[in-house]
1. Using only DSSP helix segments of four residues or longer, with each worth -39500 (n - 2.57), what per-residue ellipticity at 222 nm results for the chain after dividing by its residue count and rounding to 500?
2. For the chain, take every pair of Cα atoms, bin their distances at 5 Å starting from 0, and report each bin as a whole percent.
3. Of Ser94, Ser162, which has the most accessible area with a 1.4 Å probe, and how do the rest follow in descending order?
4. Where the accessible area of the range 98-160 is counted over protein heavy atoms with a 1.4 Å probe, how much of it, in %, is carbon and sulfur?
5. Please check: in the Gaussian network model of the chain (C-alpha springs, under 10 Å), which one of Arg154, Arg130, Arg188 has the largest mean-square fluctuation.
6. If the cut-off is 17 Å between C-alpha atoms, which lysines fall inside it for Lys204, apart from same-chain ones fewer than 8 positions away?
7. Rounded to the nearest angstrom and ordered from largest down, what semi-axes does the equivalent ellipsoid of the range 1-150 get from its C-alpha gyration tensor (root of 5λ)?
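The values are calculated or read from the model by the stated rules, or taken from the named source; none is laboratory data. Being a predicted model, the structure only gives us computed values, none of them experimental. In case anyone asks, the SASA skips ligands and DNA or RNA and just uses the protein heavy atoms, side chains included. Shrake-Rupley method; radii C 1.70, N 1.55, O 1.52, S 1.80 Å.
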Amino acid sequence: MSREWNAALYDQHHRFVADLARDMVSELGPEAGETVLDLGCGSGRMTEWLLEAGAHALGVDPDPKMVEAARARCPGADIRQLDARELGDIRVDSVISNATLHWIPDAEKVVAELARVLTASRGRPSYSGRVVAEFGGHGNIATLREAVKRALARRGQAVDWSKRWYFPRLGEYTSLLERHGFEVSFARWWPRPTQLDDGAAGLKNWVRMFLSDVLAEHATDDFYSEVDDFCRPTLWHSDHWELDYVRLRVHARLSP
Ligand code: BEZ
């Protein structure tokens, strides 16, 4: 979670990340005046929808550029630069989180931190202790991961995806929530192939956005061609790439 992203590039090419999860706001159904923690708020699109729904929004993100972008987009929200594993003394009524939890392999720490913050927030007038979250589930971007792993191996570099990303099975994640005192009322795992922008350059642009630190000096045209060649039979569709995203969505509530 410490990597820095280009917020403008992210908004330009990866708008779908937020757009496809907009229904999470209505699933949470915040009441007017309820304070919702937007965990991993990025450039603030979900935060903006929370404000539009009448909620107070506390957006947190570890990336200073995203914090800056979210503050510019959502002057009415409280946006702080914080890591999901150390939320300090914030107090909120409920939590929403999209496309963030897979960036933190130490998932236990995050769930424990959410339980701690919500426990400390009990007694607030609008408190509900609800959590609505979506992130990458088991099998997420498996073809692309394999392609990058092989291309790196050919250059003598190993990569262990489990140290970078956390894509759990549904039962693993719901059990984790339950161990920390949450009651899970809804859980869904589903493949969601997702069209990338930019035609033939789409996969390369995705890899450059999200994996440039892993590729480092290997980020050459040859490298990207190898990745494209491996993925083409499964992920290329006539004139665009469809990335093999798999989602995991949960609704939970901290037990009273
Ligand atoms: C995802 O949304 O599933 C994702 C995004 C970037 C890197 C890895 C996974």
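1. On the way: 10 runs with 101 residues, N = 256.
Roughly -11500 deg cm²/dmol at 222 nm, from the helical runs in the chain.
2. Once binned at 5 Å, the Cα pair distances of the chain give 1, 6, 13, 17, 19, 17, 12, 8, 5, 2, 1, 0.
3. Numbers: Ser94 0, Ser162 75 Å².
Ranked list, largest accessible area first: Ser162, Ser94.
4. On the way: 1220 of 2390 Å².
C and S fraction of accessible area: 51 percent.
5. Maximum fluctuation in the GNM of the chain, among the listed residues, is at Arg154.
6. Lys149
7. Values for the range 1-150, descending: 25, 18, 15 Å.
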